[in-house]
Amino acid sequence: MLERVAHFTERARELYAAPRTPIRMPAVSFELRGRVGGTANHSENLLRFNALLLMENESEYLRQIVPHEVAHLVAHSVFGAGISPHGTEWQSVMRKFGLEPLRTHSMDTARSRTRPPLDRIAYICTGCRKDYQLSSRMHARVMAGREGRICTGCKRPLRPVDPKLVPREMPGFRAASAPRSPSLSPTPRGGPIRAQLPSLTSRPPVIPPTEKQVLFAASIAKQLGIAVPAPALIERKACSDFLAQALKLKAERSAR
């Protein structure tokens, strides 16, 4: 991986004899999470890569992701600040590398999610009765009085379909059509509505790492002469954190 970064950095020095700023070997981090394959930080001359995606898509990383991110730093050094991230300057660097300037990757990111998908709460317009779906996070913000949502058509307020979730202070509330549960006491606007929504405050389920991720963590740990911590064998986020730290340590040892 680091050899590939060094290869394209040196190739850029050969291609561009007089850049605006020197083309330097960037620092490399493996602490990126989620569905993004890599990022380039010009001010810190830093490349960040996703350890979990790298583990499952090593050939794609070496072939496309690494030169893609190196090209961002090179384009900034050669053409200066203010250029478009994937504009003609970046594309020209990629073509000089002999690669197609693809803006996005095609890797499967389903297993790289660090959190479960959010639940959806059914809402309805108090005017035209159009149906909507809000995320549980946005629903909690509405219930706490921090945000409101209106219909994209008639511009009237939205409210939850489930009458048990509708506080009396919410605009458009009609007691006849949406009676409150007798077990719920009135709560002032902006008050602790979350106490009435245990499903929103409960701890999300632990997502275990895949077998391939555990084997990769064990392999890296063996190369470094360290042990894989127990949480990394149980929780995907802990496994991701361990891989990021272990790959960073491996990069530092290789640079010595």
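The values are calculated or read from the model by the stated rules, or taken from the named source; none is laboratory data. Only a predicted model underlies this, so the values are computations on that prediction, with no experimental measurement involved. Glycine gets a Cβ as well: all are built from the backbone with ideal geometry, and neighbour counts include every protein chain shown.
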Can you tell me which of (1) at positive phi; (2) under 20 Å from the mean Cα position of the chain (by Cα); (3) small (Gly, Ala, Ser) is the one residue 40 doesn't meet?
(1)
Positions within segment 6-39 being modelled with pLDDT of 85 or more and touching a strand residue (DSSP E or B) at 6+ places or on another chain (Cβ under 6 Å), in sequence order
26, 27, 28, 29, 30, 38, 39
Kindly provide the set of residues from segment 223-256 that are under 22 Å from residue 47 (Cβ atoms), over 21 Å from the mean Cα position of the chain (by Cα) and part of a helix (DSSP H, G or I), ordered by number.
223, 224, 249, 250, 251, 252, 253, 254, 255
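Could you grab me the full set of residues in segment 120-135 that are of a type outside the set (Lys, Arg) and exposed (fewer than 15 other Cβ atoms within 10 Å of the Cβ)? Walk me through how you get there before you give the answer.
The initial filter retains those residues of segment 120-135 that are of a type outside the set (Lys, Arg), namely 121-128, 131-135.
Listed by number, the residues that qualify are 122, 128, 131, 133, 135.
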Single condition residue 81 does not satisfy, out of (1) assigned to a helix (DSSP H, G or I); (2) out of contact with any Lys or Arg (no Cβ under 6 Å at 6 or more places or on another chain); (3) hydrophobic (A, V, I, L, M, F, W, C); (4) surrounded by fewer than 23 Cβ atoms within 10 Å (Cβ to Cβ):
(1)
I'd like to check something: does segment 42-62 contain any residue that is over 27 Å from residue 212 (Cβ atoms), outside the structural domain of residue 251 (by TED's automatic domain parsing) and either touching a His at 6+ places or on another chain (Cβ under 9 Å) or surrounded by 23 or more Cβ atoms within 10 Å (Cβ to Cβ) (or both)?
yes
Inside segment 226-256, can you point out the residues that are of a type outside the set (A, V, I, L, M, F, W, C), free of Cβ contacts under 8 Å to residues at least 12 places away in the same chain and over 25 Å from residue 5 (Cα atoms)?
231
Report yes if residue 103 is surrounded by fewer than 23 Cβ atoms within 10 Å (Cβ to Cβ), free of Cβ contacts under 8 Å to residues at least 24 places away in the same chain, in a helix (DSSP H, G or I) and not assigned by TED's automatic domain parsing to the domain that holds residue 242, otherwise no.
no
Taking into account only those residues within segment 10-41 that are hydroxyl-bearing (Ser, Thr, Tyr) and not in a loop (DSSP other than H, G, I, E, B), which is surrounded by the fewest Cβ atoms within 10 Å (Cβ to Cβ)?
39
Which numbered condition trips up residue 57, out of (1) under 17 Å from the mean Cα position of the chain (by Cα); (2) within 23 Å of residue 242 (Cβ to Cβ)?
(1)
Just wondering, is there one or more residues in segment 8-27 that are touching a residue at least 40 places away in the same chain (Cβ under 8 Å), farther than 30 Å from residue 236 by Cα and small (Gly, Ala, Ser)?
yes
Right, residue 7: under 21 Å from the mean Cα position of the chain (by Cα), farther than 21 Å from residue 243 by Cβ, in a helix (DSSP H, G or I) and not assigned by TED's automatic domain parsing to the domain that holds residue 251 or not?
no
